[in-house]
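Working notes for the structure below.
Values in this text are rule-based calculations from the coordinates and carry no lab data. Here the structure is a predicted model, which means the values were calculated and not measured. Here Cβ is always computed from backbone atoms with ideal geometry, including for glycine, and neighbour counts include all displayed protein chains.
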Amino acid sequence: MTAAVIGLYGFAGARDAAAMATIGVPEPLRGLPGYSLEALEGPIKIGIQPGHWRIDELPDEQARLRTSTGAAFGSLRELDLNLAVSRILVDRLNAEGYAAELVPAAVPAGYRADLFVSVHADRADRPDRRGWKLSPPWRPSAESRRLAEAMAEAFRASGLPEDQGGVTANMRGYFGFSWWRFSNALSPYTPAVLVEMGFLGNPEDRARMRDNPAFYAGILLEGVRSFLEESDRDDLDALVPVLYRGVSAGPGGAAGRASPSFGSAVLERYPPGRYLNPVDSSEGGWFEVFSRPLRRGVWVHESELDGE
Ligand SMILES: [Zn+2]
């Protein structure tokens with residue numbers, strides 16, 4: 001997306017907005033220039049991206065990412081696992097009458113679909129760490145969030161463990177999602193999720209991903225099906241990403257927590273008046289803000305923020 005739009009919506013440091021912040025009033029990003037917000041027609045279109053596939057074809061604006069070839073364990077490459085799972089998934093979706101296709105790392109500019117899944121496997125340096133995790137983009141639309149929830153439900157039903165609290169800024173700000181930074185990214189109106197199936201470094205995860213890609217494709221298929229059961233192409237509002245007004249830490253300061261719960265670990269503390277830029281929200285008055293030092297999102301509660 002263009003600098004003009006970033007300026008318009010104050011993505012980076014709209015400090016003036018903090019002064020007039022109204023907590024909990026999101027500004028929907030309708031009518032972004034260059035992107036059409038119209039109901040899709042024809043067969044349900046599904047983009048499945050094997051993570052890091054054809055990464056060398058990234059355009060110049062993403063040149064520094066061409067070396068992002070993914071994790072590896074010996075000669076076993078994440079890319080091959082992602083590709084095996086994605087191919088099975090696309091075949092099965094097409095057999096069910098959907099219009100599914102593989103999407104390379106260089107996402108066609110403004111790619112619009114009923115849903116998009118980027119399929120990955122995680123790092124190889126931690127034998128003890130295992131499990132899946134997934135996330136929608138920053139500032140997700142209602143449909144992106146619902147897609148992530150449907151996928152998480154399918155993974156839970158599979159019995160595989162979750163890598164709790166493992167979602168990183170690189171997942172949520174994945175370059176393929178980053179329409180505000182790049183032309184070669186999804187349309188902001190495409191519901192999207194990035195899935196890390198498991199860890200290459202963990203013997204169990206690795207063996208299952210290598211030997212049974214159909215198992216993972218089956219989980220993803222379940223997630224897609226249950227998402228689509230509730231989808232309504234004409235509900236355009238549900239496709240619009242949500243941008244929050246800036247907030248600031250209240251007179252007593254604010255705590256940044258690992259999850260939206262007072263019982264979860266405090267990862268950062270903010271002095272009174274510190275400007276914070278929410279990137280997501282959760283029920284009960286919680287806002288997720290991006291922590292630059294921690295390279296992840298942390299959760300603050302409205303009771304510790306300055307209101308109107
Ligand atoms: Zn990856």
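Run the simple label-point estimate for residue 261 and residue 212 please: 7 Å along Cα→C-beta, distance reported in nm.
Between residue 261 and residue 212, the simple spin-label model gives 2.9 nm.
Need one word for segment 186-295: rounded, prolate or oblate. Basis is the Cα gyration tensor (sqrt eigenvalues a ≥ b ≥ c); a/c below 1.5 gives rounded, then a/b vs b/c decides.
oblate
Quick one: go through segment 247-272 and flag any residue whose amide nitrogen is under 15 Å from the point 7 Å out along the Cα-to-Cβ line of residue 303.
250-257, 260-264
Tell me, in nm to one decimal, what length is gained between residue 60 and residue 99 on full extension, where the rule is 0.36 nm per residue of separation less the Cα-Cα distance?
11.1 nm
Return the Rg/Rh ratio of the chain with Cα-based radii and a Kirkwood Rh.
0.96
Using θ = phi - 60° and the Karplus form 6.51 cos²θ - 1.76 cosθ + 1.60, what ³J(HN,Hα) does each residue of segment 152-166 get, whole Hz, x for Gly and Pro?
Running phi through 6.51 cos²θ - 1.76 cosθ + 1.60 with θ = phi - 60° gives 4, 4, 5, 5, 4, 5, 6, x, 6, x, 9, 7, 5, x, x Hz.
Can you give me the distance in nm between label points at residue 231 and residue 142, each placed 7 Å from the Cα along the Cα-to-Cβ direction?
In this crude spin-label approximation the distance works out to 1.6 nm.
What order, most packed first, do the peptides 61-74, 185-198, 163-176 have when packing is the mean number of other Cβ atoms within 10 Å of each residue?
The packing order, highest mean first, is 185-198, 163-176, 61-74.
Using amide H atoms built in the peptide plane, which far-off residues or other-chain residues are under 5 Å from residue 72 H to H?
Residues meeting the amide H criterion: 78, 124.
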